[in-house]
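S.K.: Okay, handing you the structure first.
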Amino acid sequence: MQNPAFITSSLLSQPHGFGTIKAGLPPLPVVSEELFEKYPLAQPASFVRQGDKKVWQIHGLPVQAMKQVHGTKVKIIREGDALDTPFSEEGDGIATDRSDIVAAIVTADCGPLLLEGKTAQGKKVVAAVHAGWLGAVSGVIESGVEALRSLGATEIVAAIGPCITASSYEISGEMLEKIYAHDKEASPWLYKGSKRENTILTCQAIASIV
């Protein structure tokens, strides 16, 4: 049975989770001691200080996350790299070959995408990517894939988590043109909305851009 606080994917072998409302996570990326007092997160997450840095931890591991801007930057964190305060740097994804940190993103409507790769030596590398429609058509998913390849991945799988559904998301013709310009194969996941000029955008449409 799934943990109701986190949804997992059978495609991914590394520890992961798409957090649900039952995870009790506070509004992010505003991370503060006051919020962690209001939303008790002793397990699995906690907020601690290390020197002059604020450190967000899950299961005792430091979280690395970007200040998301609907762009295409995916930061690579390698073994031995210094860790930053979460949300202190702009970007829309984290890729790593380390097993001692948590790569995290924050989403509401946008698609959370988790990537997992394996190197020729059998080592696992992972990435968490914030993939809204704008980031997706701009190339953030490709950035995530390239980041894993730069870490040596030769085989890559992806899992997309919960995001806004067709019943709640109609888009204009301008957005539709940008989607088709990026991926002409997205049409099976798009259909006419309630307004003549609008089209429904589904999670599958974003996922098809992969």
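S.K.: Looking at Gly117, Gly71, can you tell me which residue is assigned by TED's automatic domain parsing to the domain that holds Gly152, among the small types (Gly, Ala, Ser) and either touching a Pro at 6+ places or on another chain (Cβ under 9 Å) or not in a strand (DSSP E or B) (or both)?
M.R.: Just one listed residue meets the conditions, Gly71.
S.K.: For the stretch 120-170, what are the residues that are modelled with pLDDT of 95 or more, part of a helix (DSSP H, G or I) and within 17 Å of the chain's Cα centre (by Cα)?
M.R.: Ser143, Gly144, Val145, Glu146, Ala147, Leu148, listed by residue number.
S.K.: Looking at the stretch 142-160, can you tell me whether even one residue there is buried (at least 24 other Cβ atoms within 10 Å of the Cβ), touching a residue at least 40 places away in the same chain (Cβ under 8 Å) and under 19 Å from Thr20 (Cα atoms)?
M.R.: No - not one qualifying residue is present in the stretch 142-160.
The values are calculated or read from the model by the stated rules, or taken from the named source; none is laboratory data. Values in this document were obtained by computation on a predicted structure and should not be read as measured data. Every residue, glycine as well, gets a Cβ built from its backbone with ideal geometry; the counts of neighbours run over all protein chains shown.
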